[in-house]
1. Skipping prolines and chain starts, which residues have an amide H placed within reach, meaning under 5 Å, of the one on residue 161, given they are 5 or more residues away or on another chain?
2. What ranking do 99, 79 get, fewest neighbouring Cβ atoms within 10 angstrom at the top?
3. With a 10 Å radius around each residue's Cβ, average the other Cβ atoms per peptide and rank 111-121, 131-141, highest first.
4. So who's got an amide H within less than 5 Å of the one on residue 88, skipping anything under 5 residues away but keeping other chains? H placed 1.01 Å off N, in plane.
5. Relative contact order for the range 53-95 using alpha-carbon pairs under 8 Å, separation at least 6, rounded to a whole percent?
6. Using unit Cβ charges (K, R positive; D, E negative) and no other charged atoms, how large, in debye to the nearest 20, is the dipole of the range 54-133 about its Cα centre?
7. Could you list 39, 95 in order of exposure, starting from the residue whose Cβ has the fewest other Cβ atoms within 10 Å?
Amino acid sequence: MILTRPGLAGVLAGAILLAGCTQGAPTPQDESTEVPDELAADPLPDDLPSTEGIGTPMAERVAIIGLINKRNNISRDLEMHPGEAQRVGDVIVRLAACERTAPWESPAETGAFVQVFVNQERNANAEPQWQRIFSGWLFKNSPSLNVVEHPIYDVWVKDCQMSFPGEEAPAPRPSASGSAAPAPAPSASPSATASPAPAPAPSPAAAAE
């Protein structure tokens, strides 16, 4: 029986396969998060409805904005204050205002005024530039009223964290003795009120006089 040595090509092929198995996956590149100065200095719309004196002041509200990249199916939640902008790679979401209906209003709704910018090419031979693809209100319970139309990115509103007067009223405290104050006695209804007794009839002697 004659044993032959493996060819050089087979040895090289095996080494290449072994190196491919032991080599780790490439490290993903970090996404840019810096907002360009020209976009950060762009004035916000001045025709937003005034909400002064109604619930939490606008500057103290916190909106939760959902963002998804349809190419890699990666989604994330952006926690933002009005006037703030956040960048994730080639998309920037800017929040102008957020609002929700009061507890006594119906139907309940949550909305946010957002602007979306995407760094993309206008045509095949042009350099990528920041373009505003959306500016307007988004609604949580009525998303079809206004949508962000883009082949890669989708943006939607998830929450507007704010409160209204009376929503955080403290629970009634017990009395000093440690027991709750007794409830007031119910008032008697007219039917339960006793009627006055009839006057006695005069005696025969008194009638004769």
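Laboratory data are not the source of any read-out in this text; all were calculated from the coordinates shown. Everything quoted here is computed from the prediction, not taken from an experiment. Every residue, glycine among them, receives a Cβ derived from its backbone with ideal geometry; neighbour counts consider all protein chains shown.
1. Amide H neighbours of residue 161, under 5 Å, 5+ apart: 62, 63, 64.
2. So the residues, fewest neighbours to most, are 79, 99.
3. In decreasing order of mean packing, 111-121, 131-141 become 111-121, 131-141.
4. 93
5. 30
6. 260
7. Least to most surrounded, the residues fall as 39, 95.
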